[in-house]
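Before any comments, here is the structure.
Nothing in this text is a laboratory measurement; each read-out follows from the coordinates by a stated rule. Since this is a predicted model, take the numbers as computed values, not measurements. Glycine gets a Cβ as well: all are built from the backbone with ideal geometry, and neighbour counts include every protein chain shown.
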Amino acid sequence: MDKVPMTPEGHKRLEEELRRLKSEDRPKVIRAIAEARAHGDLSENAEYHAAKEKQAFIEGRIAELEDKTSRAEIINPVSMAGSTNVKFGATVKILDEDTEDESVFQIVGADESDIENGRISVTSPMARALIGKEAGDQIEVNAPSGSRFYEVMSVEYV
């Protein structure tokens, strides 16, 4: 079984989602199914079928979250303070060599990625290109629009 890397914050969010699904969403859908059953003929009962679909989704998500949290390898970026090269959890400032635009990203687990908040998945092309690099290094990222070139400006663990 492969470990699933995640930050402490990401693990906490998955645990909270799992708790909510089990203690709130699952009981709601069970009540909705019971209520829909009370209406009689299930073969043409849209409410019943919708509730069963939602139940299947919830149960699938619970299984997925239980699997990921059980295989979680929680990596606290602060524990790597002082490291100069890019690893999981690093906050990296890069400079686009074509546009001179600066961007800041934190490299996080796949379930934590949120590009709008500067959190990119460790499996993304950008993160894969950054891993192992240091401030001053140049990277090439193959994007759908073609290759893009960046310079690593800084690497921090916060």
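Observations on the structure shown:
- Estimated [θ] at 222 nm from DSSP helical runs (n ≥ 4, -39500 (n - 2.57)) normalised by residues in the chain, nearest 500: -11500 deg cm²/dmol
- Zone of Ala143's modelled label, taken as backbone nitrogen in the stretch 101-136 under 11 Å from a point 7 Å along Cα→Cβ: 101, 126
- For the chain, the convex hull spanned by the alpha carbon atoms encloses 151 Å³ per residue.
- Subset of Lys3/Lys68; Lys28/Lys52; Lys12/Lys54 violating a 19 Å alpha-carbon distance limit: Lys12/Lys54
- Within-14-Å neighbourhood charge of Glu9 [Cβ basis; K, R +1; D, E -1]: -3
- Dipole in debye (nearest 20) - the stretch 1-145, about Cα centre, beta carbon charges: Lys, Arg +1; Asp, Glu -1: 840 debye
- Backbone amide hydrogens, once placed in the peptide plane, bring Met153 within less than 5 Å of Lys93, Ile94, Leu95, Gly136, excluding anything fewer than 5 places away on its chain.
- Computed from phi, the 3J(HN,Hα) profile of the stretch 120-132 under the Karplus parametrisation 6.51, -1.76, 1.60 (θ = phi - 60°) reads 10, 5, 4, 8, 6, x, 5, 5, 4, 6, 7, 3, x Hz, with x in place of Gly and Pro.
- Angle between the chain longest axis and helix 26-38 axis [Cα atoms, degrees, rounded to 10]: 30 degrees
- Environment charge at Gly146 (Cβ cut-off 12 Å; Lys +1, Arg +1, Asp -1, Glu -1): -1
- Given charges at Cβ of Lys, Arg, Asp, Glu: the stretch 4-74 dipole, positive-most of His39, Ile58, Gly10: Gly10
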